[in-house]
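FYI, it's all coordinate maths here, none of it is from the lab. This structure is a prediction, so every number in the text was calculated from the model and none was measured. Note: ideal-geometry Cβ built from the backbone for every residue, glycine included; neighbour counts use all protein chains shown.
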Amino acid sequence: MRAVLAISLFILALPTLILAQSDGHRNDHPREAETVSASGPPIKITINPEARVSVVLSGTLPKPAQCGTATDLPVRIVNQGFVTSRLEAVFVGDVPASVSLEFHQSPLKGVREEFRNLRIILTKPNLVDLTIAFRAHNETPDLGGRDRIHFLMNCIEVH
Amino acid sequence: MRETAKTSYLPAEAKMPTIGATITRRDFLLLTGAFVGGPFCPALESDASQVEPQPYFAGINRALEALAKLGAPLASADAQRMAALARQANSTAVKEAEKILDRYTLACLSIDADGTGHIAIGGAPRTLVEQGWRMFLLRIANQGKRTHNINFASKSEGPGSMMSSTSAARAHMGDRLNKGPLIEKMWLLSKIYEPDLVIVGDQALKAIQLSGLSVEYRIIQLFSRDSGRRSDRFTTYTFPKSGGYPYDSDHREIDFDCLPSRKVTFAVRDADGRGCVASFTVRDHQNRVYPPQAMRVAPDLYFQPQIYRADGETILLPDGEYTVESKRGPEYLRGLQTVTIDAGHPRIEVKLQRWIDPAQWGWYSGDTHIHAGGCSHYSSPTEGVAPETMIRQARGEGLAIGDVLSWAPSWYYQKQFFTGRAISPPASLEHPELQVANDVSLQPNPTPSDDESLLRYDVEVSGFPSSHAGHLVLLSLKDQDYPGTKILEDWPSWNLPILQWVRSQGGLGGYAHCGLGMVVNSTDLPNYEIPPMDGIGTQEAIMDVTHGLMDFLSGCDTNPVAELNAWYHMMNCGFRMAFIGETDYPCITDERMGVGRSYVRLDHRPFGDSGYEAWVRGIAQGRLYCGDGRSHFLDFKVNGLHSGETDLSLEASGALKIQTLVAARLETDPPENMAATNQGLNGWHLERSRVGTTRTVPVELVVNGFAVDKSMLVADGIPRAIEFKTPIVRSSWIALRIFPSSHTHPVYVMIGNKAIRASKRSAMWCRSCVDKVWEVKSPFIRESERPAATAAFEHARRVYGAIADECEVA
């Protein structure tokens, strides 16, 4: 009975598996290969064996929070380089003083997968375009600009 | 060739001259819409007040950075003004920015409230290049601040973009007896730079996902097959919010003037008059790079502005004026000339000039850490590039030796090139059919100096189970697969067994980018802070060296203090290993190979496999200096003895005479942008040795890790003799350095036949490092290997403890 159930489940899942495989082969550009999904952490970071950090937006961003309140963006870290230094996040370019970020200060554990939160606080309701770069402490940044993501954010003013 | 300016040799950091763009009658007609019916992009004045400056300029900055990366930057005056406007960031700045950007904009899309797009013509001169790519901005006005997907593409975009109406795999041109008319129309290819992907059904379609900003810019790249005046229909597509395939919401015929391209021949002469390969960066008056980086096929690599061409090889260029920068590694002066290409002048003549030739003193350069796959290399259609491309770059950088290391990304593809021997592939293309497909028609041309550059395929243990402990560079392997392994995951989870296996087959093993994980707060050299050991540099090396299995540390590409500190401490304990130069190309930098180099002293130039073996044995024997190639220790003797020869044996303490012939070359003035040179303080660079704004650099005498004397050297490229005298009271190692540009291997001085025990503090530092490495790295060692690793680390603790006890100096 169990075997029949397993086979049935496999047959049901087969189209999904085939589709996932064919999608994987269709696009070879790393940026293009990441499609936005509605679920899962919105930020995916990959640290390659040379400790270079690349990052993509891979999910939906949370809805705007109240101004002055932190918005937590879950981050999935795939660590292929056993890196145990601190992973740092910094704004790139001009960012209004009303925007700040917080990211974990504790070092990475070096394990294959970790989850963390990137916390962003907006104190004014203006729409802002944020570019955030990630790098492992004292490591060389990615050469192709793949270490950064950008997105728009705003907050809801409370009267 | 007609030169409009005499060839000049300029500082590497000098700014490229910008030649002001002149508006021709043709440009004027194009700008004023004589070839199209309009309408043109509307003025922004009415919209500007609705544009929020911060997100507007943030998005534009990204677009402009991408344009520059693609080799199509804004004219420098416009770029400077845009930077100032971005800082200003108000509605006045937005209005002025729009006027500037219009000069680079092919089309303006305006999105209606219902999501329908409309096309208007932008103000950029619609000039394309036959068989080349041009980049334009695409302006999207989105007053409704919608966030759906659109696309914008030419009609004759080509087979890649066509959607088949059936599921059959077949040519999209359909069943026609005469396909000629269809092919004739396919003259233009359009690509949105870094498109978003939208899943429709089971297909991933390229699209522009609107951000919701009222105005945003994207980049569109256009490739023209033909020359002459051509037009094509451009369409804006709207993706229904409810899903399904996009529909044509507007289209417009756009005319172009496609400049004919000409095959231009490089005539390249080395300093000795022979033909050779060199590096060339070709730019037009707007600083656009040729061939465009947007679409390159090996041997031209997209991540570098330069190309490598041999004497007699060609480039396709439309007629016009160009600046041509020529280089061949750091031993040459940078050449810069302006050339005008037309029917009567289809040649670029280059006579390279050296400022130094270390081979005259018997020194031959090599880069022991370059990759043909991974990092900046593309992963499709092949996993990186082949030896034919790598050797072209080695020749063009004047390298005698290039060690091409296969590593985890691309391992199973690249390892096919391992032969266990050095090779010097003939001038050829790795995939000539792709060059033909790209219609570049590059015909490789051999030169008399081709066999002076060698490649050796070996291994970097990176992305392997033991990589956490530091990346090993394995040289001169006979076998590249660890015994009993079939896949990478089978390899040991710590490095010592790998080093044992390397030694058993006569190879050399050492640690790559050795400064990683070794950075501390102190910038003193030496210093005694215990590094975090959280990276992929020297880490396990400090244990391995006590087992006599570590041949070198490899650096010049990371923090120089972090690199040298561990080397100094280990040598103070009496251990001997080389310090060699590497680039880790194209990972730590993709600028070029040979950024970090080792110079090995040989009796004659290395040729063939025996030449490589002599070179790599020279590393093991210590007949070398390393650095950035901007300074050179052409001769270095202690009491008449060179490094790599026998130890200098003295019966008792006394005075040493240290003699060197040393040359360095800085430009007369410091570069304008020193911040770029100093960025992150990683890598070695002679500019950081410059004393103030002078043209001098200090040459330092290093005894047991301490700089005990120094002499100022004028860095004008002329070799100068320098002599030091220093007393010595115990067995020591003596070296010279220009920090951080070059470093000699030490001469070992043995007094009374006693081993070097230069510093108890160094021994204790090493002992503490063993503990720290174990603390940080041992969790990644497999349980099955842990007992052996435990014993090996315990051995190291005992060795350092014993050395500390033997040291006379605290």
From the alpha carbon gyration tensor of the protein assembly as shown, can you work out the equivalent ellipsoid semi-axes (sqrt of 5 times each eigenvalue) and give them in Å, largest to smallest?
50, 34, 28
Distance-filtered residues of segment A:141-159 - backbone nitrogen under 12 Å, label point 7 angstrom along A:Leu61 Cα→Cβ:
A:149-155
Dipole magnitude (debye, nearest 20) for the protein assembly as shown, charges at Cβ of Lys, Arg, Asp, Glu:
380
Roughly how many Å is it from the Cα centre of segment B:598-618 to that of segment B:385-416, as a whole number?
18
Testing the spin-label approximation: label points 7 Å from Cα along Cα→Cβ at B:Phe607 and B:Ser231. State their distance in nm.
6.3
Please give the contour-minus-distance gain from B:Lys185 to B:Gln443: 0.36 nm per residue of separation, less the Cα-Cα distance, rounded to one decimal in nm.
90.0 nm
For B:Val200, residues with placed amide H under 5 Å, excluding near neighbours:
B:Leu205
For B:Lys327, counting only lysines whose alpha-carbon sits under 26 Å away and dropping same-chain residues fewer than eight positions off, the answer is B:Lys6, B:Lys15, B:Lys69, B:Lys263, B:Lys351
Between B:Gln203 and B:Lys772, what is the label-point separation in nm under the 7 Å Cα-to-beta-carbon projection?
5.7
If I measure Cβ to Cβ between cysteines in chain B, which ones have no partner under 4.7 Å?
B:Cys258, B:Cys276, B:Cys514, B:Cys556, B:Cys573, B:Cys626, B:Cys766, B:Cys769, B:Cys807
Does segment B:656-768 come out rounded, prolate or oblate, given a ≥ b ≥ c as the square roots of the eigenvalues of its C-alpha gyration tensor, rounded meaning a/c under 1.5 and, failing that, prolate meaning a/b above b/c?
oblate
For B:Ser649 paired with B:His251, estimate the spin-label separation in nm (one decimal), with each label point 7 Å from Cα along the Cα-to-Cβ line.
8.9
Multiply the residue gap between B:Asp709 and B:Ala271 by 0.36 nm, knock off their C-alpha separation, and tell me the result in nm, one decimal place.
154.0 nm
Counting other Cβ atoms within 10 Å, keep those with at most 16, restrict to DSSP loop, and tell me which trypsin sites (Lys or Arg not before Pro) in segment B:469-540 are left.
B:Lys478, B:Lys486
Any aspartates and glutamates whose Cα falls less than 13 Å from that of B:Lys637, other than same-chain ones fewer than 8 residues away, would be B:Glu645, B:Asp647, B:Glu723
Output wanted: per-residue J couplings in Hz (rounded whole) for segment B:354-360, from phi through Karplus 6.51 cos²θ - 1.76 cosθ + 1.60, θ = phi - 60°, x for Gly and Pro.
8, 9, 7, 10, x, 4, 5
Cα-centred dipole magnitude for segment A:34-153, charges only on beta-carbon of K, R (+1) and D, E (-1), debye, nearest 20
220
Dipole in debye (nearest 20) - chain B, about Cα centre, beta carbon charges: Lys, Arg +1; Asp, Glu -1
840
In sequence order, calculated HN-Hα J values of segment B:303-312 (Karplus, 6.51, -1.76, 1.60; Hz; x Gly/Pro)
8, 10, x, 7, 10, 10, 10, 8, 3, x
How tilted is helix B:560-572 with respect to the longest principal axis of chain B? Cα atoms for both, answer in degrees (0 to 90, nearest 10).
20
So B:Ser784 and B:Ala802, fully extended at 0.36 nm per residue minus their Cα-Cα distance, gain in nm 3.5 nm
Can you compute the FRET efficiency between B:Glu591 and B:Ser76 using 1/(1 + (r/R0)^6), with r the Cβ-Cβ distance and R0 = 22 Å? Round to the nearest 0.05.
0.55
Using the charge dipole of chain B (Lys, Arg: +1 at Cβ; Asp, Glu: -1 at Cβ; taken about the Cα centre), state which of B:Val198, B:Tyr748, B:Val339 has its Cα farthest towards the positive end.
B:Val339
I'd like to know which of A:Val90, B:Tyr528, B:Cys807 lies farthest towards the positive end of the charge dipole of the protein assembly as shown, counting +1 on Cβ of Lys and Arg and -1 on Cβ of Asp and Glu.
A:Val90
Förster radius 41 Å - calculated FRET efficiency between A:Thr69 and B:Thr127 (Cβ-Cβ, nearest 0.05)
0.20
What does a probe at B:Glu65 reach in segment A:123-149, counting residues whose amide N is under 16 Å from the point 7 Å along Cα→Cβ?
A:129-136, A:141-149
Applying 1/(1 + (r/R0)^6) with R0 = 60 Å to the Cβ-Cβ distance of B:Thr485 and A:His159, what FRET efficiency is obtained, to the nearest 0.05?
0.35
